[in-house]
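**Student:** Before I ask anything, here is the structure I am working with.
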Amino acid sequence: MTRILHLSMLYPPHIMGGAERSVALLSEALVAAGHEVAAACITPTGWKEEVRNGVKVYRMPHETDFWPEEWPQHSVLERGIRRFKQQFNTRIEAHFGRVIDDFKPDVVHTHSLLDVSTRVWLAAQARGLPVVHTLRDFDLACGNAAMFLHGKRCEKRHLKCQAFTFMKAVHHKAVDAVVGVGAGILQSHLDMGYFQHVPEARRRVIWNPAIVEGIDADYVKPSLAGKPLTFGYLGRINVEKGVGTLLEAAARLPSRDWRLLIAGKEASESESLKPLAEGLPVDWLGFVSPRELFDQIDVLIVPSIWAEPLPRTILEAYAAGVPVIGADSGGIPDLIGAANTDWLYPPGDAAALAHRMAAVMARGRGVLPGRPDFAHVVEATTPAKVAARYLNLYDEVRRVRKPQDLARTEAALGA
C-alpha cells in the first residue's frame with residue numbers, strides 16, 4: 001500500500017475545468033486499488049477537512065489577494081501584482097507542510113498550480129519526499145496558462161510571463177518525475193528548459209482518465225435516422241477553443257442536409273462569435289451534459305487553436321462511439337491520430353475543416369466509425385488503467401530516493 005498526496009488548485013465539488021475532474025478520478029481509482037489517498041486544494045473560505053469518496057480532502061485558505069473567480073472584478077494592475085506576489089507565497093507553503101505532516105505520504109503528486117505557489121514543492125523537498133508533477137496546462141511558463149494571446153498562439157514566452165513565472169523556473173528542480181497528459185505539452189516544457197534535470201525514464205506521457213455519466217458498456221446511441229447529419233461542439237465558447245474557425249467552416253458547407261449543435265459555457269467573447277452563425281443551421285444549446293449532446297450528434301468537432309494538452313471531450317465522445325474531427329494541435333493528434341489521422345486538419349484552417357466536414361457528409365452516417373474503432377483509446381483511459389501507470393511511476397521515484405533523503409523524511413515526520 002502506498003500513501004499518495006495529490007495537490008491541485010481545486011478539487012470537486014468545486015470545478016472550473018477538466019484538471020480537477022481528472023485528479024478526482026485518479027484519486028478515487030487509487031483508493032479502489034487499495035491505497036491511502038489524500039488531496040489538497042485551495043478554498044476561498046477557511047481551513048476544512050473532509051472525506052470524499054474515500055479520499056481525504058484538505059481545503060487550504062488560498063492566501064492570495066483575491067480568489068481566482070473574482071479575477072474579472074479587478075484591474076490589470078491588480079491582477080499583475082497578484083500573479084507576481086503569488087510566487088513568494090510562503091503561507092501556502094506552510095499550509096501544505098501542515099498537510100504533509102498530518103497525512104504522512106510516501107509520495108507527493110502535484111497537478112495544476114496556476115493559483116498555487118510552487119513553493120509547495122519546497123515543503124515536500126524539505127521533508128525528503130519524492131515529487132511527481134503532471135503538466136495539464138502551461139501555468140509554469142505562462143501568466144494565463146495557455147500560451148495564447150490576442151487570438152494567436154505564443155511562439156515564445158513574453159517578458160510579462162517570464163516575470164510572473166521566474167520563480168517557478170527555479171522551483172521546478174524540486175520535482176523528481178514529470179508527466180505530460182499529452183506528448184506535446186511535455187515536449188514544450190522540455191524545449192523551454194523545464195525538467196531537464198529529470199532522467200528520461202521519469203519523463204512520461206500518461207493520458208487523463210475519463211468516464212461519462214450515463215454511458216457504459218450497455219449504452220446504445222439513439223437513432224438519428226431521418227435527421228440531417230449533425231455535427232456538435234462541446235466546451236467553452238471562446239476564441240482559443242476555435243469556435244470562430246468552426247463557424248467559418250460551417251459557412252462553407254452546402255446550405256442543406258446538415259446542422260450544428262454548439263453546447264457549452266459562454267465566455268466574454270461569445271456574443272462576438274454568434275453573428276458568424278446567422279443564416280446557418282446552428283443551434284446554441286447552452287450548458288448540457290456530454291451524454292445529452294452525444295445522443296443528438298453524429299460527429300464531434302474539436303477545433304482548438306491553442307495547444308490544448310488533452311481535450312477530455314474527445315475521450316468522452318469516443319466512449320459514446322462518436323467520431324471526432326479535430327485540429328492538429330496540442331494533444332488532439334495524440335488521441336485522434338491513435339484512431340485515424342484522416343480526421344485531423346491544420347488548426348485555424350476553416351477551409352480544411354470544411355473539407356473534412358463535407359467528406360463526412362458525402363460518405364453519410366451509415367459508414368461512420370463507432371465504438372469498436374475507439375475501444376483501444378477508451379480502454380487506455382479507464383481510471384484503473386491510468387492509476388496503474390501512475391503507481392508504476394510512484395514506485396520508481398520512491399525506489400530512487402537516496403537513503404539520506406528517506407532518513408530526513410522520517411525525522412521531519414517525527415517517525
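The values are calculated or read from the model by the stated rules, or taken from the named source; none is laboratory data. Everything numeric here is computed off the predicted structure, so don't read it as measured data. Don't worry about glycine lacking a Cβ; one is built from the backbone with ideal geometry, like all the others, and counts go over all protein chains shown.
**Student:** Considering each residue of region 236-279, count those that are in contact with a helix residue (DSSP H, G or I) (Cβ under 8 Å, 6 or more places away or on another chain), over 21 Å from Lys152 (Cβ atoms) and among the small types (Gly, Ala, Ser), and give that number.
**Tutor:** Count: 4.
**Student:** Could you pull out the residue among Val205, Val220 that is among the β-branched types (Val, Ile, Thr) and surrounded by fewer than 16 Cβ atoms within 10 Å (Cβ to Cβ)? Before the answer, list the steps.
**Tutor:** On the way: Val205 fails: surrounded by fewer than 16 Cβ atoms within 10 Å (Cβ to Cβ).
It is Val220.
**Student:** While we're on this one: Among the residues of region 59-78, which ones are in contact (Cβ under 8 Å) with a residue 24 or more places away in the chain and part of a loop (DSSP other than H, G, I, E, B)?
**Tutor:** Matches in region 59-78: His62, Glu63, Thr64.
**Student:** Here is a follow-up. Inside region 212-248, can you point out the residues that are under 26 Å from the mean Cα position of the chain (by Cα), part of a loop (DSSP other than H, G, I, E, B) and not polar (S, T, N, Q)?
**Tutor:** Within region 212-248, the subset under 26 Å from the mean Cα position of the chain (by Cα) is 212-217, 219, 231-247.
Add one more test, that the residue is part of a loop (DSSP other than H, G, I, E, B), and what stays is 213-214, 216-217, 219, 235-236, 238-242.
The answer is Glu213, Gly214, Asp216, Ala217, Tyr219, Gly235, Arg236, Val239, Glu240, Lys241, Gly242.
**Student:** Here is a further query. In this structure, is Pro309 in contact with a Gly (Cβ under 6 Å, 6 or more places away or on another chain) and either aromatic (Phe, Trp, Tyr) or under 15 Å from Ala210 (Cα atoms) (or both)? Break it down stepwise before answering.
**Tutor:** On the way: in contact with a Gly (Cβ under 6 Å, 6 or more places away or on another chain): yes; either aromatic (Phe, Trp, Tyr) or under 15 Å from Ala210 (Cα atoms) (or both): yes.
So Pro309 passes the test.
**Student:** Looking only at region 138-153, which residues are at pLDDT below 90 and either touching a strand residue (DSSP E or B) at 6+ places or on another chain (Cβ under 8 Å) or loosely packed, with under 14 Cβ neighbours inside 10 Å (or both)?
**Tutor:** Within region 138-153, His150, Gly151, Lys152 qualify.
**Student:** Then there's this: Give me the pairs: first residue in region 350-366 and closer than 21 Å to Ser223 by Cβ, second residue part of a helix (DSSP H, G or I) and not hydroxyl-bearing (Ser, Thr, Tyr), beta-carbon distance under 9 Å, and six or more apart or on different chains, which are they?
**Tutor:** Every condition considered, the pairs that remain are Val360/Trp343.
**Student:** Tell me which residues, restricted to region 44-68, are of a type in the set (S, T, N, Q) and at pLDDT below 95.
**Tutor:** First, the residues of region 44-68 that are of a type in the set (S, T, N, Q): 45, 53, 64.
If the condition is that a residue be of a type in the set (S, T, N, Q) and at pLDDT below 95, then Thr45, Thr64 are the ones that fit.
**Student:** Related question: Sort out which residues of region 80-98 are of a type in the set (D, E, K, R) and touching a Gly at 6+ places or on another chain (Cβ under 9 Å), and write them in order of number. Full working, then the answer.
**Tutor:** As a first pass, look at region 80-98 and keep what is of a type in the set (D, E, K, R): 82-83, 85, 91, 93, 98.
Within region 80-98, Arg83 is the sole residue that qualifies.
**Student:** Tell me which residues, restricted to region 360-395, are buried (at least 16 other Cβ atoms within 10 Å of the Cβ) and among the β-branched types (Val, Ile, Thr).
**Tutor:** The answer is Val360, Val377, Val378, Thr381, Thr382, Val386.
**Student:** Which residue pairs have Cβ atoms under 8 Å apart, sit 6 or more places apart or on different chains, and have a first residue in region 79-104 that is touching a residue at least 60 places away in the same chain (Cβ under 8 Å) and under 15 Å from Leu7 (Cα atoms) and a second that is of a type in the set (Lys, Arg) and surrounded by fewer than 17 Cβ atoms within 10 Å (Cβ to Cβ)?
**Tutor:** What qualifies is Phe103/Arg3; Lys104/Arg3.
**Student:** Condition first: over 16 Å from Asp191 (Cα atoms) and assigned to a loop (DSSP other than H, G, I, E, B). Now tell me which residues in region 147-165 satisfy that.
**Tutor:** Result: His150, Gly151.
**Student:** Quick one: which of Ala263, Ala251 is small (Gly, Ala, Ser) and more than 28 Å from the chain's Cα centre (by Cα)?
**Tutor:** Details: Ala263 fails: more than 28 Å from the chain's Cα centre (by Cα).
The conditions single out Ala251.
**Student:** Does region 16-33 contain any residue that is touching a residue at least 40 places away in the same chain (Cβ under 8 Å), in a strand (DSSP E or B), touching a helix residue (DSSP H, G or I) at 6+ places or on another chain (Cβ under 8 Å) and not aromatic (Phe, Trp, Tyr)?
**Tutor:** no
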